[in-house]
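Comments concern the structure below.
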Amino acid sequence: MPFSVLGTLILWFGWLGFNGGSTFGLTPEVPGIMVNTVLAGVGGMLMAGLISLLQDKMIQVEPLMNGSLAGLVAITASANVVMTPIAMVIGATGSAIAYLVGKKCCTGG
């Protein structure tokens, strides 16, 4: 599990570079893009924690990691065009969808 957490942290740093670097320079948009990226990841993590708490009666680490990455994936295409509060909603929605699809595909339930 520690290597999974480390891998998730490395992906977070990479995602910030990927989304922030998509402008091909240090433009005035970059800080907003990076804030939206972080908030979407946090929104995904919070949603995954909530779902994990409701389903398992405890918060587990694996759903938190998966939820945060799902939030990052969800915001990637629109990080430069959405308002900051919406970025968190996009991340949370992406996390919920990833959880439900993963549950349906992997466990048959």
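The values are calculated or read from the model by the stated rules, or taken from the named source; none is laboratory data. Everything numeric here is computed off the predicted structure, so don't read it as measured data. Note that we place each Cβ from the backbone using ideal geometry, even for glycine, and neighbour counts take in every protein chain shown.
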key: Candidates Gly7, Gly32, filtered to the one that is small (Gly, Ala, Ser) and more than 17 Å from Thr76 (Cα to Cα)   = Gly7
message = Residues that are without any contact (Cβ under 8 Å) to a residue 60 or more places away in the chain, assigned to a helix (DSSP H, G or I), aliphatic (A, V, I, L, M) and over 22 Å from Pro2 (Cα atoms): does segment 53-64 have at least one?
response = yes
request  = Taking the residues in segment 38-77 that are modelled with pLDDT of 95 or more and among the polar types (S, T, N, Q) as candidates, determine which candidate is nearest to the chain's Cα centre (by Cα).
outcome  = Ser68
ask   = How many residues are without any contact (Cβ under 8 Å) to a residue 24 or more places away in the chain and touching a helix residue (DSSP H, G or I) at 6+ places or on another chain (Cβ under 6 Å) when one looks only at segment 80-108?
value = 0
ask   = Looking at (1) modelled with pLDDT under 95; (2) within 21 Å of Val5 (Cα to Cα); (3) touching a helix residue (DSSP H, G or I) at 6+ places or on another chain (Cβ under 6 Å), which is the only condition Val30 fails?
value = (2)
query = Among (1) crowded, with 19+ Cβ neighbours inside 10 Å; (2) at pLDDT below 95, where does Lys104 come up short?
reply = (1)
request  = Search segment 65-79 for residues being free of Cβ contacts under 8 Å to residues at least 60 places away in the same chain and surrounded by fewer than 20 Cβ atoms within 10 Å (Cβ to Cβ), and hand back the single one that is nearest to Glu29 (Cα to Cα).
outcome  = Ser78
query = Can you name the number of the only condition in (1) polar (S, T, N, Q); (2) within 18 Å of the chain's Cα centre (by Cα); (3) farther than 12 Å from Leu72 by Cα that Thr27 fails?
reply = (2)
query = In segment 9-33, what residues are surrounded by fewer than 20 Cβ atoms within 10 Å (Cβ to Cβ), in contact (Cβ under 8 Å) with a residue 40 or more places away in the chain and assigned to a helix (DSSP H, G or I)?
reply = Leu11, Trp12, Phe18, Ser22, Thr23, Gly32
